[in-house]
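Encoded as structure tokens, the structure appears first; notes follow it.
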Amino acid sequence: MELRLHDTLTREKRTFVPLDPNNVRMYVCGPTVYDFAHIGNARPVIVFDVLFRLLRHLYGAAHVKYVRNITDVDDKINDRAARDFPGLPLNEAIRKVTEQTGKQFHADVDALGALRPSVEPRATEHIAEMREIIERLVAGGFAYVAEDHVLFSPQAMNAANAGLPRYGALSNRSLDEMVAGARVDVAPYKKGNTDFVLWKPSKPGEPSWPSPAGITVEGRPGWHVECSAMAWKHLGEHFDIHGGGIDLVFPHHENELAQTCCAFHQQRMANYWMHNGFLQVESEKMSKSLGNFITIRELLADWPGEVLRLNMLKTHYRSPIDWTMKSLEESAKTLDDWYRVAADVEPGRPAASVVEPLLDDLNTSLAIAALHSLRGSDVPALAGSLRLLGFLSESAAQWEGRKQQASGIDTKEVERLISERTAARSRKDFKESDRIRDLLAAMGVAIKDSKDGTTWEVAR
Ligand code: AMP
Ligand code: ZN
């Protein structure tokens, strides 16, 4: 069976045909590093990690290149740096914030079982490519200089129309309507009210670089052009898949696509545009003001990363997901069970019943239903399939041990009570053995008797 992916641009599911099967190329917009990542940010990380793994499975690990950027120049970073390190020069403070936050991000997404992308470019290391794209856009008549800014004109793009896509096609908007509906308080240097910034002058103390297009004061890039530059540098002018969360379709991806296609005079930037749906928490939009803003880090204090991963993948990536405690508890129980039966088993090939739904636009919810069926019929295939999806990174003992540690249960005491109970049972003192079982249960320990003796685990 072939891989089919839903493309936001054409609004259809199509068979995936890579431009070059020996070099399948995917770009996903990464984090802006100014704070701990929240659980919504984990969604694209996990979803596109599954796609990365699937592509590696289909084309070979050496033939897939996955680029996920780090946005390390942004107003939010500057604000945070000024707030947290008021004594330091702003540039140094910014470096501290981006280094710290970048490390936190890596630790978090590693714990979620996400493979590191092939390349993780930083915006600040691609200023030369941004300048080049901007120069090309100005030369082509798609961008202009005004008051030390460089602005991109969507209207110029749609007027040119020679072998270019239509501005607005990705987000399914009409430029005329955007023009009519735009805010009235547009910056005075903009010729058109939908024009967006490619480059702007830096304020004193802010990060700054020599400007393109003959501008004499130093400046810094706009957000959209950063991704055009990084994708170009690492994947070329035209590549296979571009991904991110649904909120990025407009304006970020619409603008990225416009910049890249106009700079390189081409019809397409990526052949498939993929967007994950939004995550909300207990049926509410997640936001700091509602107090239901949860970081990956906070969740990792209570749950193993693979539990968060499974919980995310139970919902198809394009649907909205409601993140609930109840669902997390179920995911934890499921993984406990899979670890017990499959983690120490020699893995077989991933089952067709799991791979086929994944090939159908990454239908992870159906794939997970198939895992449940394999649990009773083919444990080696269950183990192989779980590994394909990025689970079972630990042995059963490590998994159980970590759970015990996290629960704060005194392992020695549990073992002492179990041997007392075994002694009580062998002298047929069932009242005492029941009392000890209840005592253990009250400590949060579940015991299981079998012909080989008594084992225990932390009750969820
Ligand atoms: P940001 O750092 O806000 O640019 O977000 C990084 C990535 O997380 C982007 O791909 C966003 O689309 C995605 N994202 C942010 N919030 C959510 C959310 N609540 N649900 C799903 N994805 C999100
Ligand atoms: Zn981007």
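The values are calculated or read from the model by the stated rules, or taken from the named source; none is laboratory data. Keep in mind that this is a model prediction, so the values were computed, not measured. Cβ atoms come from the backbone with ideal geometry, glycine included; neighbour counts cover every protein chain shown. In case anyone asks, the SASA skips ligands and DNA or RNA and just uses the protein heavy atoms, side chains included. Shrake-Rupley method; radii C 1.70, N 1.55, O 1.52, S 1.80 Å.
Remarks
- Expressed as a whole percent, the accessible area of the stretch 347-406 that falls on carbon and sulfur atoms is 53 (1.4 Å probe).
- Antiparallel bridge percentage (DSSP; both residues within the chain; nearest 5): 50 percent
- Between R387 and E329, the contour length at 0.36 nm per residue exceeds the alpha carbon distance by 18.7 nm.
- When you work out D = kT/(6 pi eta Rh) for the stretch 380-460 at 25 °C and 0.890 mPa s, using the Kirkwood radius from C-alpha pairs as Rh and the Stokes-Einstein form, the result is 172 µm²/s.
- Loop-located trypsin sites (Lys or Arg not before Pro) in the stretch 183-284, at most 10 other Cβ atoms within 10 Å (DSSP): R183
- Kirkwood-type radius of the stretch 323-398, with distances r between different C-alpha atoms, in Å: 12.5 Å
- Per residue solvent-accessible surface (Å²) - the stretch 194-243, probe of 1.4 Å: 33 Å²
- In terms of its C-alpha gyration tensor, the stretch 240-361 has an oblate overall shape, because the principal axis ratio a/c (a ≥ b ≥ c, square roots of the eigenvalues) is not below 1.5 and a/b does not outweigh b/c.
- Å² of accessible area per residue within the stretch 1-147, as computed with a 1.4 Å probe and no ligands counted: 42 Å²
- Cut-off 13 Å, label 7 Å out along Cα→Cβ of A406, residues of the stretch 434-460 by amide N: 458-460
- Split the accessible area of the stretch 408-458 by element, probe 1.4 Å, and carbon with sulfur accounts for 52%.
- Residue separation of Y189 and Q267 scaled by 0.36 nm, minus their Cα-Cα distance, works out to 25.1 nm of gained length.
- Helical contribution to [θ] at 222 nm, DSSP H n ≥ 4, -39,500 (n - 2.57), averaged over the chain, rounded to 500: -14500 deg cm²/dmol
- Span-rule helices in the chain, defined as complete DSSP H runs reaching 24 Å or more along the axis (Cα) with Kyte mean at least 0.5: 39-59
- Sites L366 and A441, calculated FRET efficiency, Cβ-Cβ separation with R0 41 Å, nearest 0.05: 0.65
- Per residue accessible area of the stretch 323-398, 1.4 Å probe, in Å²: 42 Å²
- Across K76/K96; K326/K412; K285/K326; K103/K314; K76/K288, pairs whose alpha-carbon gap is larger than 21 Å: K326/K412; K103/K314
- Solution diffusion estimate, µm²/s, Stokes-Einstein, the stretch 17-279, Kirkwood Rh from C-alpha pairs, 37 °C, viscosity 0.692 mPa s: 171 µm²/s
- Segment T15-D322, extension gain: residue separation times 0.36 nm, minus the distance between their alpha carbons: 107.6 nm
- Nonpolar atom fraction for the stretch 17-279, defined as the carbon and sulfur part of the 1.4 Å probe accessible area, stands at 49 percent.
- In plain terms, if you count all Cα to Cα distances in the chain and split them into 10 Å steps from zero, the share in each step is 4, 18, 25, 23, 15, 8, 4, 2, 1, 0 percent.
- According to the calculation over all Cα-Cα pairs in the stretch 110-174, the P(r) per 5 Å bin from zero is 3, 14, 15, 17, 14, 14, 10, 7, 5, 1 %.
- Extending 7 Å from the Cα toward the beta-carbon at both D429 and R83 defines two label points whose distance is 6.2 nm.
- With the highest mean first, a sort of the peptides 424-437, 68-81 on other beta-carbon atoms found within 10 angstrom per residue produces 68-81, 424-437.
- Model label zone, H106; criterion: amide N under 18 Å from point 7 Å along Cα-to-beta-carbon; scope the stretch 67-85: 67-73
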